1. Excluding residues on the same chain fewer than 8 positions from LYS408, give the lysines whose Cα lies under 19 Å from its Cα.
2. Filter the GluC sites (Glu not before Pro) in region 96-198 down to the DSSP loop ones having no more than 13 other Cβ atoms within 10 Å, then list what survives.
3. Rounded to the nearest 0.05, what FRET efficiency do ARG443 and ARG341 give with R0 = 41 Å and r taken as the Cβ-Cβ distance? Could you check?
4. Could you look at the chain and say what percent of its accessible area is carbon and sulfur, using a 1.4 Å probe and all protein chains?
5. Would you kindly work out the equivalent ellipsoid of region 113-192 from its C-alpha gyration tensor and give its semi-axes, the square roots of five times the eigenvalues, largest first in whole Å?
6. Set the Förster distance to 45 Å, then compute FRET efficiency between LEU53 and THR380 from the Cβ-Cβ distance, nearest 0.05.
7. With every protein chain in place, what's the accessible area of SER303 (1.4 Å probe, Å², nearest 10)?
8. Quick one: accessible surface of THR490, probe radius 1.4 Å, all protein chains present, in square angstrom to the nearest 10.
Amino acid sequence: MTPVTGRAQPPVARLLMPARPPAQPPAARPPVAQGLTPAEGRPAGPGLLEPMLPALGPWLAGRRWFDARYAGAALTARAASVVGEEPPLLLHGVVTAHRPGGPPLHHQLLLGLRPHLPARLEPAAITCVPDGPWRGWRLYDALADGTLLGLLLRTLADGGSGPGPRLERAGRFPLPVGGVPRPLEAEQSNTTVAYGDRVLLKLFRRPEPGPHTEVDALRALTRQRCTHTPRLYGALHSDAPGAEGLVLGLVEEFLPDARDGWEEAVRQARACLDGSCRGVPATGGFTGYAHSLGRAVAEVHGSLAEAFGRTRLTAEDVAEEAARMTARLKEAAEEVPALGRYTGRLGTLFDDYARLAGRGCPVFAQRIHGDLHLGQALHTADGWRIVDFEGEPARPVAERARPQPVLKDVAGMLRSLDYAARTALAGPESGDLEGTSPAQRLRRLRRAHAWSVRNRRAFVSGYASAGRDDPDCHPVPLRAFEADKAVYETLYESRHRPHLLPVPLAAVHRLAGTAR
């Protein structure tokens with residue numbers, strides 16, 4: 001796709017100088033402030049960030065999206081550019097963190113520059129710029145400044161200007177720019193900003209060279225006019241030296257009235273466990289949603305297959321994947337001893353999957369979501385929307401983009417429905433699964449299991465009703481993928497939420513009992 005070329009802008013050297021007189025004549029400026037203004041009239045180059053790196057290190061260590069393993073690591077400036085013709089200015093940058101024994105990590109920054117910082121922005125302050133073209137100006141987190149966030153969206157809508165951020169459009173849809181910007185707090189590894197009720201800007205805080213799995217998937221789904229995903233307006237790039245090739249983010253349709261699928265499932269499951277479902281048995285309460293969600297996922301899979309195609313896996317491909325699942329199981333069992341008693345039976349599930357392909361049973365693969373669960377599903381007035389097509393963040397980019405069986409997504413959602421039931425059983429804030437009496441606990445356990453079974457069946461039924469392969473007709477690979485997911489969950493909970501470890505272990509116990 002050909003990017004839109006930005007209009008040349010008038011020189012802004014006068015506007016970029018500090019308001020107070022410089023302490024030394026311009027000719028004596030250090031090299032960082034010289035030779036950085038391209039023909040378009042906007043400063044660009046990693047040197048713009050270099051005077052600020054000592055202050056940016058401690059500030060980055062406090063960001064949720066910064067990898068804590070790199071706290072105190074050496075920083076280098078990779079790219080920087082300026083948006084704006086007068087204060088406040090938006091400084092867009094990419095810095096690289098380096099640590100012994102680890103790969104370099106790129107981090108994307110949105111910083112603000114003002115000669116003086118108003119009191120409302122003081123909590124976002126980072127430092128006073130010690131040198132360079134803005135010496136004496138205040139540097140701060142631009143997410144706190146609605147003026148700069150609005151400037152960024154207008155710049156993207158205009159096609160960019162100069163070597164800074166630009167939008168590579170996904171279609172002819174006009175990009176609305178009048179909404180009030182509002183940063184959202186839900187993301188961990190990314191940053192999202194809602195503009196009014198129509199536009200969502202998603203910044204990849206750890207940008208990587210393209211292609212990007214989410215951008216590619218949403219672009220294809222937008223062209224397919226898929227009704228179960230947000231419309232993609234375009235992807236963010238920059239032509240600033242050092243940023244070429246990086247995918248910096250995307251702009252997509254915002255769904256302001258959507259309800260989070262996870263929260264909705266837990267809420268309804270909790271109501272059913274308490275016996276307060278209205279008009280449905282205590283085992284129901286979500287089945288209509290689960291059925292329509294299954295249908296929506298199947299239709300997304302159909303659109304992805306049309307856009308990217310399908311391929312039949314060879315017996316060797318399946319055997320290699322089964323071997324990887326077995327290896328993941330053994331590694332997890334070394335860290336979580338409770339898995340040890342199940343390794344033989346779970347290994348049999350993986351071997352059954354490999355033998356199935358070896359006997360000539362076809363296994364097809366295509367582009368899938370890759371990290372599907374209830375938290376990636378939003379319920380709107382006109383049905384479900386599936387979001388966040390990046391895949392599992394812990395897996396390499398090449399692996400996330402590789403064609404995989406759609407049953408992996410199905411297994412992910414089945415595990416999520418089971419998690420919702422168990423979370424409802426535990427209560428809103430506690431991991432304590434005990435009831436107030438043995439009889440009450442047993443009754444709630446049975447209701448939680450019934451809720452999970454009922455809604456898992458409804459999801460599978462909905463998936464099959466869309467004309468895709470019925471997952472129930474492929475029990476061997478589906479059990480294998482569910483088991484692999486449960487092993488992953490066991491390792492995750494052991495490391496991060498040990499009070500929830502019984503949830504995936506219960507699934508492992510159930511799945512291991514189905515091995516033949």
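The values are calculated or read from the model by the stated rules, or taken from the named source; none is laboratory data. All figures in this text were calculated on a predicted structure; none of them were measured in a lab. Please note: Cβ atoms are built from the backbone with ideal geometry, for glycine as well, and neighbour counts cover all protein chains shown. For the accessible areas, the whole protein counts, side chains as well, though only heavy atoms, and no ligand, DNA or RNA atoms are used. Shrake-Rupley method; radii C 1.70, N 1.55, O 1.52, S 1.80 Å.
1. LYS485
2. For GluC sites (Glu not before Pro) across region 96-198 that sit outside H, G, I, E and B with at most 13 neighbouring Cβ atoms in 10 Å, the list reads GLU185.
3. So the FRET efficiency works out to roughly 0.90.
4. Carbon plus sulfur share of accessible area: 53 percent.
5. Numbers: eigenvalues 143, 57, 28 Å².
So the three semi-axes of region 113-192 are 27, 17, 12 Å.
6. FRET efficiency, LEU53 to THR380: 0.55.
7. Accessible area of SER303: about 20 Å².
8. 0 Å²
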